[in-house]
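The values are calculated or read from the model by the stated rules, or taken from the named source; none is laboratory data. Here the structure is a predicted model, which is why all the values come from computation and not from measurement. Glycine also receives a Cβ, built like all others from the backbone with ideal geometry; neighbour counts cover every protein chain displayed. When the accessible area is computed, the model is the full protein with side chains, heavy atoms only, and any ligands, DNA or RNA have been set aside. Shrake-Rupley method; radii C 1.70, N 1.55, O 1.52, S 1.80 Å.
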Amino acid sequence: MSRRFHEIPVLLLVAALAVAAPAFAQGKEGEACRSEAIARDKNPDFGTAYEAAEKRAKAWAADAAVARLTHTTLGPIDAEARSANWYFVWFSPSANANVSITIANGSITCWGMKGPAGRMPKLAPAFTRDVKQLLAVAAEKGGAALLKDGYQPRVEMSAGAQAEAYWYVNYEHPQKRGSLTVIFDANSGKFLKALR
């Protein structure tokens, strides 16, 4: 049997992979999960929202990694870490695509897009998920006084300049200048600093 004949299956495999790779990436675009209610509560806490979102992100792509976790101004967060509008982003290296997952009033939607999701945090699998505790510590570091003055906390997990994973609690006011940012190590939950 000639060497050329042996090479045919390899060439066919290479050709199949070349066709399949763009199709795989393309399959990650658009609606990425069924829109449905994840809880009766229209203001689910972080743990409930994250668990539902992670399940769908991993179904979308097994290698999906967290890029960003936050909530929007449409869903201010309370002291129990509940929000009516969560917004999470995962990134799949194999597909070079990202998926944005929104939980609005207890219902989840997912949307996939080509391309990166920005700087990726070095996030451990067992990273801190106790957002209620983060809010409590942030209040002790100056946030409590700002809450009385009409400021609202906004919580976000994202990457720092060197891809460190941080939880940020930012206190913001719709009219007033000045704010407070309380920063935590996202993996350990340890308080790092408060910036005014």
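Remarks
- When each of 59, 95, 67, 52 is tested for being among the small types (Gly, Ala, Ser), assigned to a helix (DSSP H, G or I) and either in contact with a Pro (Cβ under 9 Å, 6 or more places away or on another chain) or open to solvent by less than 10 Å² (accessible area, probe 1.4 Å) (or both), the lone residue that passes is 52.
- Every test in (1) modelled with pLDDT of 95 or more; (2) open to solvent by less than 50 Å² (accessible area, probe 1.4 Å); (3) aliphatic (A, V, I, L, M) is passed by residue 79 save one, and that test is (2).
- Positions within the range 157-182 being of a type in the set (Phe, Trp, Tyr), touching a residue at least 24 places away in the same chain (Cβ under 8 Å) and within 21 Å of residue 66 (Cβ to Cβ), in sequence order: 166, 167
- The listed residue being in contact with a helix residue (DSSP H, G or I) (Cβ under 9 Å, 6 or more places away or on another chain) and either within 18 Å of residue 53 (Cβ to Cβ) or among the charged types (D, E, K, R) (or both), out of 99, 169: 99
- Of all the listed residues (134, 147, 123), the sole one being surrounded by 19 or more Cβ atoms within 10 Å (Cβ to Cβ), farther than 16 Å from residue 88 by Cα, of a type in the set (A, V, I, L, M, F, W, C) and at pLDDT 95 or above is 134.
- Test: residue in the range 70-85 that is in contact with a Gly (Cβ under 7 Å, 6 or more places away or on another chain), under 23 Å from residue 114 (Cα atoms), not in a strand (DSSP E or B) and not aromatic (Phe, Trp, Tyr): no
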